[in-house]
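Step one of this worksheet: look at the structure below.
Coordinate-derived values only; no laboratory data. Quick caveat, the model's predicted, so the values are computed rather than measured. No Cβ is skipped: glycine too gets one built from the backbone with ideal geometry, and neighbour counts run over all protein chains shown.
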Amino acid sequence: MKTLNIATLTFCLTLFNLFSLKAQDFQGKAEYVYKAQMNLGRWGAKMSEAQKNQIAARLKNRLEKKYILDFNMEASVYNEYEKLDAMSGATDSWGKNFTPGEQYKNVKTKSFIQEQEFYGKKFLVKDSLLDISWNIGSETKQIGNYTCFKATAMIPSSKMAFWEFSWGRLRQEEGDSDSDSTEELEEAMTEVVAWYTMQIPVSQGPSEFWGLPGLILEVSSGSTTMLCSKITLNPEEKTDVQAPKSGNEVTKQEYKAIIFTKMKEFRDNRVGRSYSR
């Protein structure tokens, strides 16, 4: 209880200091390290550890990334640092089809806008923010110089990371006899664990996550973790926190349908060529 009272007092003092400035002038920048576990599915059981390590080395630029969140009191822009592949000296063109582009979140208007490129075509995904019902607890831990509180949520897996694709998901949606039904798939849930600090009272966070009474410094969901490694408040060089504007406008659901249609065509054409030989 003592820890909670100190944190609450710190929050109030920080909030007073921030609002003593003009709200529109307040801005911050947070750097996040993104890490994902490699999922080889049923093929992984057939591979040796040496083969798995070789694949992990090849996919390192997909499994470990760095992102920047520029935020103010109402909105944020989340984007990846461009990084060249260490082996080829080129960007991961295949992986970029299924990774998030520049993301804009506005907590005042509850709007979400993401610029996305898929096989050379540019899309502008405009929708509402991800619906998250947080369960806020009293457990705390220190991340850098900030006291963070724990919050958890269960989110329908089908509502998260709309830009991603898996062949297993495609088989399930087609009603593969070896897979769960589409109805069962839609009910699958992902547990999300977030750590937020009330010392920075903005309702923002990395990727799709938001809605807590302080900046989210760490979040884990499924096989991924995003951890804040650096924070700069009111930097001398301001960033224009604006929504991206380029691309063909679609909703999240429409974009997912586009991906699955294209990948199904890709698979069917590849199978057709194999039979024609």
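Tabulated values for the structure
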{"item": "Residues whose placed amide H lies under 5 Å from that of K122, excluding near-sequence neighbours", "result": "N248"}
{"item": "Protection proxy ranking, peptides 243-256, 226-239, average beta carbon neighbours within 10 Å, highest first", "result": "243-256, 226-239"}
{"item": "In Hz, Karplus ³J(HN,Hα) per residue of region 232-240 (6.51, -1.76, 1.60; θ = phi - 60°; x = Gly, Pro)", "result": "10, 9, 6, x, 4, 8, 6, 10, 7"}
{"item": "Spin-label model distance (nm) - F98 vs Y81, 7 Å beyond Cα toward Cβ", "result": "2.5"}
{"item": "Computed E for N145/K262 - FRET, C-beta separation, R0 45 angstrom, nearest 0.05", "result": "0.50"}
{"item": "Violating pairs (Cα-Cα greater than 28 angstrom) within the set K141/K256; K29/K110; K230/K252; K110/K230; K126/K150; K65/K141", "result": "K141/K256; K230/K252; K126/K150"}
{"item": "Inter-probe distance in nm under a simple model that places probes 7 Å from Cα toward Cβ, at M154 and E254", "result": "3.3"}
{"item": "Computed lengthening from Q242 to K35, 0.36 nm per intervening residue step minus Cα-Cα distance", "result": "71.9 nm"}
{"item": "Placed amide H near I200: partners under 5 Å, 5+ positions off or other chain", "result": "L215"}
{"item": "Label-point separation, T190 to N269 (7 Å along Cα→Cβ), nm", "result": "2.9"}
